[in-house]
Amino acid sequence: MAELRWGIIGPGRIAPRLVRALSKSRRGELVAVASRHAERAAAFASEHGIGRSFGSYEALLRDREVDVVYVALPNHLHTQWTVRALEAGKHVLCEKPLALSVDEVDSIVAASERTGRVAMEGFMYLHHPQIIQAVDLANSGELGQLELVNGTFSFFLTYPDDPRIDPAMGGGSLWDVGCYPVSLARAIAREEPESINAFARFDEHGVDRTFIGQLRFPNGLLAQFDCGFAAPDRERVEIVGSDATLVLDAPFLPEPDGPPPTVVRWRGRDPSPVPVQSIDQYSAEVEDLMSVILDGSQPRLTLASSRGNVATLVALDRAARAANPEFAARA
């Protein structure tokens, strides 16, 4: 019998990856799913062999046989349902971004401390050996003095009613995919940026479809990134040092959801592949959370780090909107 029983709130496009991850786990079992539409929850449960389905999120939170909740809702609902799940006595894995403001993150932190339950942001890629090795190499001195982190993440978003292009739901490419290279730059810098600059191409609703940002850290590291919904699939990270460069060509969605993970060290024009294990990063994410809950281990991603990432995203969004006064910054 599994040690922790999981429930999903929001059976959308990402939820099947958590189903996959828990199907491989010896410590966790997926037992319930909830949607605001009972038929949708029932169909998801039937498709994935989940025992119980609910036509409301509240009903799942009342289920005493659910220990951990995965919040996979649109961005603007993350904080509300993470806090409500914590207050219902559940541990929580919430999809990124954890929140849309620092105040919202603080409310999650307060709820976690008040209830004694664990909350973690679902940044699955940070649990992959590809990223762990790259960050460790960058900070080992093997690349020389770190100079620059350059990241790219884009794809064509063509669904007309997608929550990711709804400004009322926290839409925008920065919050959906730009958050990845931002979080990686912060992980490499191991501190928060002291200076931020950004530009974006907004649509008629004020949603950024293409975004570029720049960060400067107190230790001298510079970072820049671009992201968007209006360009082909592109995933790439360069970590540039004075002696060598690391290149990752599938840094955020490697197999089984994309190409094999790669880390290549370049010294001048000479490439040297760095061996890297290929795993299901969603499995690594759920196992990390369960180790925190069951073993008292330290989480790979803390709420303090999530707070710093949200603060950086808010500052980037404001900087881009300041250059486009017709699109006021979010309150």
Take E147 and decide whether it is over 20 Å from A315 (Cα atoms), among the acidic types (D, E) and touching a helix residue (DSSP H, G or I) at 6+ places or on another chain (Cβ under 9 Å). no
The lone exception for N219 - which of (1) over 26 Å from N75 (Cα atoms); (2) assigned to a strand (DSSP E or B) it fails: (2)
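When you check I131 against the structure, is it under 30 Å from P273 (Cα atoms), surrounded by 18 or more Cβ atoms within 10 Å (Cβ to Cβ) and either of a type in the set (F, W, Y) or touching a residue at least 24 places away in the same chain (Cβ under 8 Å) (or both), yes or no?
Values: under 30 Å from P273 (Cα atoms): yes; surrounded by 18 or more Cβ atoms within 10 Å (Cβ to Cβ): yes; either of a type in the set (F, W, Y) or touching a residue at least 24 places away in the same chain (Cβ under 8 Å) (or both): yes.
Yes; evaluated as a whole, the condition is true for this residue.
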Exactly one of these conditions fails for H91: (1) touching a residue at least 60 places away in the same chain (Cβ under 8 Å); (2) within 25 Å of I165 (Cβ to Cβ); (3) out of contact with any Pro (no Cβ under 9 Å at 6 or more places or on another chain). Give me its number. (2)
Filter result for D226 (acidic (D, E), touching a helix residue (DSSP H, G or I) at 6+ places or on another chain (Cβ under 7 Å) and modelled with pLDDT of 95 or more): no
For region 290-300, indicate whether the set of residues that are surrounded by fewer than 20 Cβ atoms within 10 Å (Cβ to Cβ), hydrophobic (A, V, I, L, M, F, W, C), part of a loop (DSSP other than H, G, I, E, B) and more than 21 Å from the chain's Cα centre (by Cα) is non-empty. no
Do the conditions hold for V33, that is, is it in contact with a His (Cβ under 7 Å, 6 or more places away or on another chain) and closer than 28 Å to G170 by Cα? no
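So which residues in region 89-121 are β-branched (V, I, T) and open to solvent by less than 10 Å² (accessible area, probe 1.4 Å), if there are any at all?
Selection gives V92, V105, I108.
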Can you tell me which condition D203 does not meet? The list is (1) open to solvent by less than 30 Å² (accessible area, probe 1.4 Å); (2) at pLDDT 95 or above, and all the others hold. (2)
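Within region 165-173, is there a residue that is part of a loop (DSSP other than H, G, I, E, B), open to solvent by 40 Å² or more (accessible area, probe 1.4 Å), in contact with a helix residue (DSSP H, G or I) (Cβ under 7 Å, 6 or more places away or on another chain) and closer than 20 Å to L100 by Cα?
No: zero hits.
Test of understanding: among E204, E191, which residue is part of a loop (DSSP other than H, G, I, E, B) and closer than 13 Å to L215 by Cβ?
E191
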Farther than 30 Å from P275 by Cα, surrounded by fewer than 24 Cβ atoms within 10 Å (Cβ to Cβ) and in contact with a helix residue (DSSP H, G or I) (Cβ under 9 Å, 6 or more places away or on another chain), is that true of T210? yes
Could you pull out the residue among Q224, Q281 that is of a type outside the set (V, I, T), closer than 23 Å to G308 by Cα and crowded, with 22+ Cβ neighbours inside 10 Å? Q281
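The values are calculated or read from the model by the stated rules, or taken from the named source; none is laboratory data. Small disclaimer: the values here were computed from a predicted structure and weren't measured. Glycine gets a Cβ as well: all are built from the backbone with ideal geometry, and neighbour counts include every protein chain shown. Each accessible area value is taken on the protein alone, full model and side chains, heavy atoms only, with ligands, DNA and RNA left out. Shrake-Rupley method; radii C 1.70, N 1.55, O 1.52, S 1.80 Å.
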